[in-house]
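Trainee: Quick one: structure below, then a few questions.
The values are calculated or read from the model by the stated rules, or taken from the named source; none is laboratory data. As the structure is a computational prediction, the values presented were derived from the model and not from experiment. Glycine also receives a Cβ, built like all others from the backbone with ideal geometry; neighbour counts cover every protein chain displayed. What goes into the accessible areas is simple: the full protein's heavy atoms, side chains included, and nothing from ligands, DNA or RNA. Shrake-Rupley method; radii C 1.70, N 1.55, O 1.52, S 1.80 Å.
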Amino acid sequence: NCGRGVRITPPCPVASPVLQVHARFRLDPVVPRSEYSGELDCLTQLIAEHVTRNLHEIHICRTCCKTDEAPPGPALAQRLRAALANEAGLSDVKVRDARCMLTCGSPVAVSLTCPGKMSYLFADVQAKYDLDNLLALVRLYRASPGGIINDARPIGRLRHCLKGRLPATATDRD
């Protein structure tokens, strides 16, 4: 709620608030557009925030592995999907299998992305031990404005596995 009576309650579809405002325009065609401008600005901001909240993605390399071992990435992705599905507020985070992310010397590679936020690349993620750290990472990233994580202590050993942070693209911020 932005103080103008416009409210988006997750997990509502993004189209719903747009249709509500559109219906208001059709019901009050005599009211000048300028009277709706503040409400529309607020609605636009809320929709953008709603969409951004729902586009968090984790990519896990499906090819990373040590010599003579099967790639642990697919199993980690499956475990993470199940854990996120049971975690309040995180069930809509997408876990995707990814092709090689060029950290082959330090399997497993994991990245986090979201429009309008910094992206992160981690390597040497231990599939057997880092599930709880990954969940903590997702919580921090999801709650962080712009994707900036100032205190990485809650993600345990993953804070030492960070290989890079990429800025949000200009088109994401516009």
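Trainee: For residues in the stretch 99-110 being among the aliphatic types (A, V, I, L, M) and farther than 14 Å from L134 by Cβ, which is surrounded by the fewest Cβ atoms within 10 Å (Cβ to Cβ)?
Mentor: L102
Trainee: Condition first: open to solvent by less than 70 Å² (accessible area, probe 1.4 Å) and either on the phi > 0 side of the Ramachandran plot or in a helix (DSSP H, G or I) (or both). Now tell me which residues in the stretch 132-153 satisfy that.
Mentor: N133, L134, L135, A136, L137, V138, L140, Y141, R142, G146, G147
Trainee: Also, quick follow-up: Residues being aliphatic (A, V, I, L, M), open to solvent by 30 Å² or more (accessible area, probe 1.4 Å) and touching a residue at least 24 places away in the same chain (Cβ under 8 Å): count how many of those fall in the stretch 154-170.
Mentor: Result for the stretch 154-170: 2.
Trainee: Only residues that are of a type in the set (A, V, I, L, M) and not in a strand (DSSP E or B): list them for the stretch 94-113, please.
Mentor: M101, L102, V108, A109
Here is a yes/no grid of residues against (1) out of contact with any strand residue (DSSP E or B) (no Cβ under 8 Å at 6 or more places or on another chain); (2) surrounded by fewer than 20 Cβ atoms within 10 Å (Cβ to Cβ); (3) in contact (Cβ under 8 Å) with a residue 60 or more places away in the chain; (4) of a type in the set (K, R):
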| site | (1), (2), (3), (4) |
| --- | --- |
| C64 | yes, no, no, no |
| P71 | no, yes, no, no |
| P74 | no, yes, no, no |
| L84 | no, no, no, no |
| G89 | yes, yes, no, no |
| D97 | no, yes, no, no |
| L112 | no, no, no, no |
| D124 | yes, yes, no, no |
| Y129 | yes, yes, no, no |
